[in-house]
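A quick write-up on the structure given underneath.
Values quoted throughout were computed directly from the atomic coordinates according to the rules given, and no laboratory measurement underlies them. Quick caveat: nothing in here was measured; it's all calculated off a predicted structure. Here the Cβ is made from the backbone with ideal geometry for all residues, glycine too, and neighbour counts use every protein chain on show.
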Amino acid sequence: MKATLGIFALAVGASCAGVGIFVLVMGLVTHDERQLVVGRRFLFGVLAAAAVAAGAMEWALVTHDYSLKYVAENNARATPLLFTVSGLWAALEGSILLWALVLGGYLAFMAHRFRARAADPLVAWANVVGLTVALFFFALMLGPANPFRRLSTAPPDGRGPNALLQNHPLMAFHPPLLYMGLVGFTVPFAFAIGALVTGRFGEGWLEDTRRSTLFAWGCLSVGIILGAWWSYEVLGWGGFWAWDPVENAALLPWLTATAFLHSVIVQERRGMLRVWNLSLVLSTFCLTILATFLTRSGVLNSVHSFTTSGIGPWLLVFLAIVAAIGVGLIAWRGDRLRAPGRIDAPISRESAFLVNNLLFAGLAFVVLLGTVYPLLAEAFQGHQLSVGEPYFNRMATPLGIALLFFMAVAPALPWRATSAAVLRRRLLVPAYAGGATMLIAVALGTRSVTALLAFGLAAFAVAGVVRQFGAGVLARRRAEREQWTRVLPRTVASNPRLYGGLVVHLGVVCIALALASFGTFTAKRDVTLARGQSATVSGYRVTYLGSTNHKGSQDTTIKARVDVHHGGSDLGVYAPAIKIFPNTAEGIGTPSVRTGWLRDVYLTVVSSPNQRGPVTIGVRINAMVLWLWVGGGVIALGTAIALGPRLRRTIRRPVERVLPPPVEPQPSEEPEAVPV
Amino acid sequence: MTRRDALAWGGVAALVVAALVWAAWPSSGPPTAAQRAHELATELRCPDCQALSVADSPSSSARAILVDLQRRAAAGQSDAAIRRVYVDRYGESILLKPSSSGFGILVWALPVVAVALGLAGLGFAFARWRRQPRLAATPADETLVERVRTG
Amino acid sequence: MRHPARWAALGVGVVVAVLAIVLATQVGTNPQAETERSQLVGKRAPTFSVHAFDGQTLSSQSLAGKPVLVNFWNSWCIPCQQELPSLLQFEQRHAGDTSFVLLGVVRDDTTDAARQYAAAEGMTWELAADPGSSLALAFGTRGQPETYAISPSGVIAGAQIGPTSVGNLETLLAAARTVR
């Protein structure tokens, strides 16, 4: 019953999309406005269909309906409710369903927001593109990735989700947020295609989609940070970013989207960088499809080892078509995309944004090349090679440092041109703060040049942000004579984009500081301890109390109890564990983490099922990891501020007449003819 | 830029250079065997993991490889020799850092070339923009404006 | 075609097309393929010296001149337990045959547990511990069970990654005998 409902909903969704595309295209070709208005309604149909299908799946999951293959594979009667509900996205078919649901939500938002302009060809083309993407995903679900496949005999109990997917509540939030980010870029993409097709690539489509893009970007940023947090807390290897292909796949659209968010400011102000902006938004959407392909097709080795299915070729063909259409449209419109203005001076905000675009594009290129290089190597020379963390760290770090520099400097640069006096007034004190911080960092023990530069540039950026906030607040106080408690919120509200962006930069600084500290001040050591023995790592004394060895039906879990002391105070007893699956060679470690403001104590256990006696415990004292998550929160806050409404000025004092009253011309006088 | 400005910025440069020089000052001699072993451990993939390095992996074979690396480094084997031993046993995919010979050289060279091309393009664009004359007011324009203002 | 945007678009289009073709050819191939084959087949076997459970020292020198089948196993891994009947059958079939040596090496397990298991299951061929996993590393093993066939001249003639069978063991033995 649920499967039938689900499939019916998917079929309705596909038809809505198909019919909607037909109606809208007919309306566009015959210039019939009524059809355009009607066609818009089908976007709501897509949302309704996706919602019913997702609802049917959740219903099946919550009621443990094992006649559905998907439920039998991803749910067990013993699965807690949170992980039952999040079972919707635990495997391939369900996650495509989630994608379709989020896409439906964005399309409905698009239809509602632009309801007054439904007859506008730009909006109509955007609707067509949105419906086409939706049609593709519904077709996937009706074809190779069907979530509602039935089993001929329903087993009494399901297999349950992968063990890794149900020991941390973050699993419930990371994929939906990631998808709200990735899918959200469909909206600016649709409008970009519309702009290219209708030839109206001025600034209208940017302004229309600004909030959607920013919202999607914020969700993607938080989604990626949550993924890193999950990796840290659950996977047990002590780090949070392994440059795994699936991690890179989500990072790539984030890089181009960040470049896009900055570059549009130049187009709004001066009408320039139009080709850049169109290319960036097209790339972002293509990279989201590439991300799905890399994650789901099994083409690359990854920690996210999803079961593969036949959707790889479908996604690849769709990606190729989208890329071809995008590149073709830009090539077709190339001559008309030339901007009227030009960059006047090398040191100006426009040129800083242009260099910013280049750096982000370069970083995206590095990540993309490193991720697909094993495939290229295999295709061209037969044997396999790996591209791992040392490569990405070596290549990405210089670009990251350069980006940090521009992040600190660009908000202080004026538009068009600058002078030495302005630069000095705005940047000198922050620069001294940066230099001083570098010296302090070396005194504290930093010896890596990149970490040192990161510390200095982070301080430079923070000082610049504080200066800018301060300047804005002081100016408003002088002008409006408001109380101190109200000046700051009102300053922010007077230009939420600027101040929200500055808060986001503060969040990035947090993350950069955390990354630099993590690399510099982390200590790790494996200690082999007999029961009752202690060892000291970096001032923390760990005492091994004993271990339990629990043989389950499918695995053996070894849990070691460890007492941690620091500087006299007892931090408690922690229990890292390792679960060894006898079918594979590797064990899955469950780390035990004590989070602190400046340092985390991260414990793992290395052991074999039959081991008695001394146990090897991996002790890591990780520095400043908490600030990665705090940075993520600050980024979310900044995005929320930037999405907020702008404070409208209320006229308190009427403006006095500044012009003299007009003089009535005497009839005898003739106005002088002014040569033009 | 005035002289005072130059001095002020010079102060910043001095701070930065001082910090960099202090940090990069060789405080110890050539890397010890333990340091070499650790460095190699970050470059080798743990054989029974997906993509974790030997340094990061908690598996027992990774620990065994770490001990082997320390033993070899202490015995004086060079980094290149140790890497070759592991490539012979496990294939080239055991190296997380692609070797810079053979096909692997492209993955290092292409990004550098791409970024260099991008910066060069930027330089050309700026040069071209600078050569285009900036619109400036001619004396005829000035008189015109004056006449409109006064008359 | 004079506008730079068109040239750039064309260039990007070419790169994307190459990428799509490469991805298309790789869909369906197994990225783990190389980890499922041994890299040492055809190369010289590593020299080793291990202490067997019965006390004697076995080294590549002492075993030279005969084909050697080296089987990496332990007492808790399920595929090892699954291949044990095949090993027992193979040993029975060649009972009394001293023209080759079957050597079992313990991988990732305690010696006590391995001894107990071997005694309980009646594993009568040569068994040795591998302290520090040095032999497991020397053979480039990634897990267990894995079986390697060494020719009398010390060349690795064949390898089986994963559980073996009687037919597979016979093939390995034949390969070891034929390689010079």
*Tally Lys/Arg at +1 and Asp/Glu at -1 over every other residue whose Cβ is under 14 Å from the Cβ of A:Ala54; what's the total?*
-1
*Roughly speaking, what is the stretch gain from A:Gln381 to A:Asn162, that is 0.36 nm per residue apart minus the C-alpha to C-alpha distance, in nm to one decimal?*
75.3 nm
*Distant-in-sequence amide H partners of C:Gly104 (H built 1.01 Å from N, under 5 Å)*: C:Asn71, C:Glu126, C:Leu127, C:Ala128
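Counting other C-beta atoms within 10 Å, which of B:Val17, A:Val562 has the fewest, and how do the rest follow?
In increasing order of surrounding Cβ atoms, one gets B:Val17, A:Val562.
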*Within 10 Å of each Cβ in peptide B:94-100, how many partner chain Cβ atoms are there on average? Round it to a whole number, please.*
6
*Shielding by partners - mean other protein chain Cβ count within 10 Å, residues of A:170-179*: 0
*Going by how many other Cβ atoms sit within 10 Å of their own, how do A:Thr186, B:Thr150, A:Thr450 line up, fewest first?*
B:Thr150, A:Thr450, A:Thr186
_Could you derive backbone 3J(HN,Hα) for region B:35-50 from the dihedral phi with the Karplus parameters 6.51, -1.76 and 1.60 (θ = phi - 60°), listing whole Hz in sequence and x where the residue is Gly or Pro?_
5, 5, 4, 5, 4, 5, 5, 6, 9, 9, 7, 6, x, 9, 10, 6
*Using helices alone, what [θ] at 222 nm do you get for chain B, with -39,500 (n - 2.57) per DSSP H run of 4 or more residues, divided over all residues and rounded to the nearest 500?*
-22000 deg cm²/dmol
*Do any chymotrypsin sites (Phe, Trp or Tyr not before Pro) in region C:45-153 lie in a DSSP loop with no more than 15 other beta carbon atoms within 10 Å, and if so, which?*
none
*asked:* Compute a Gaussian network model of chain C, connecting alpha carbons closer than 10 Å, and tell me which residue from C:Ala120, C:Ala159, C:Ala136 fluctuates the most.
replied: C:Ala120
*Lys/Arg Cβ at +1, Asp/Glu Cβ at -1, dipole of chain A taken about the Cα centre: which of A:Pro660, A:Leu165, A:Gly644 is farthest positive-ward?*
A:Pro660
*Do any trypsin sites (Lys or Arg not before Pro) in region A:416-522 lie in a loop, going by DSSP, with at most 10 other beta-carbon atoms within 10 Å of their beta carbon, and if so which?*
A:Arg481
*What shape does region A:523-626 take by its C-alpha gyration tensor, where a ≥ b ≥ c are the square roots of the eigenvalues and a/c under 1.5 counts as rounded, a/b above b/c as prolate, and the rest as oblate?*
prolate
*Calculate the dipole size of region B:1-85 relative to its Cα centre from +1 charges on Lys and Arg beta carbons and -1 charges on Asp and Glu beta carbons; express the result in debye to the nearest 20.*
180
*Counting partner chain Cβ atoms within 10 Å of every residue's Cβ in A:128-138, what's the average?*
0
*Which distance in nm do the two modelled labels at B:Val17 and C:Thr111 give, with both placed 7 Å along the Cα-to-Cβ direction?*
6.3
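Count the DSSP beta bridges whose two residues both fall in the protein assembly as shown, then state the antiparallel fraction as a percent rounded to the nearest 5.
So the antiparallel bridges amount to about 90 percent of the total.
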*Rounded if a/c under 1.5, otherwise prolate or oblate - chain A, Cα gyration tensor axes*: oblate
*Going toward the positive end of the dipole of region A:298-455, with +1 on Lys and Arg Cβ and -1 on Asp and Glu Cβ, which of A:Trp415, A:Gly310, A:Ala436 do you reach last?*
A:Trp415
*Prolate/oblate/rounded call for region B:103-150, Cα gyration tensor, a/c under 1.5 rounded*: prolate
*Taking only Cα atoms of region C:35-178, radius of gyration then Dmax in Å*: 13.6, 37
*Give the angle, between 0 and 90 degrees and rounded to the nearest 10, that separates the Cα long axis of helix B:79-90 from the longest principal axis of the Cα atoms of chain B.*
70
*asked:* Below 11 angstrom from the Cβ of A:Leu196, what's the summed charge of the other residues (Lys, Arg +1; Asp, Glu -1)?
replied: +4
*Cβ-placed point charges (K, R +1; D, E -1), dipole of the protein assembly as shown about Cα centre in debye, nearest 20*: 2980
*Compute the acute angle (0 to 90°) between the alpha-carbon long axis of helix A:174-184 and the principal axis of greatest extent of the alpha-carbon atoms of chain A; round to the nearest 10°.*
30
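222 nm [θ] for chain A, helices only, -39500 (n - 2.57) per DSSP H run of 4+, per residue, to 500?
Calculated mean residue ellipticity at 222 nm is -21000 deg cm²/dmol.
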*Between helix B:3-24 and chain B: long-axis angle, C-alpha atoms, 0 to 90°, nearest 10*: 10
*asked:* Give me A:Tyr432, A:Tyr544 sorted ascending by neighbouring Cβ count inside 10 Å, so fewest comes first.
replied: A:Tyr432, A:Tyr544
*Which is farthest toward the positive dipole end of region B:69-147 among B:Gln132, B:Leu144, B:Ile82, measuring Cα position about the Cα centre, with Cβ charges +1 (Lys, Arg) and -1 (Asp, Glu)?*
B:Ile82
_Modelling each spin label as a point 7 Å along the Cα-to-Cβ direction, I'd like the B:Thr143/A:Thr153 distance in nm, to one decimal._
10.5
*Under a Cβ-Cβ cut-off of 13 Å, what is the net charge of the residues other than A:Thr79 that fall near it, where Lys and Arg count +1 and Asp and Glu count -1?*
0
*Loop sites only, by DSSP: take the GluC sites (Glu not before Pro) in chain A that have at most 13 other C-beta atoms within 10 Å and name the longest stretch containing none of them.*
A:1-655
*Filter the trypsin sites (Lys or Arg not before Pro) in region A:1-64 to those in DSSP coil with at most 10 other Cβ atoms within 10 Å of their Cβ, and list the result.*
none
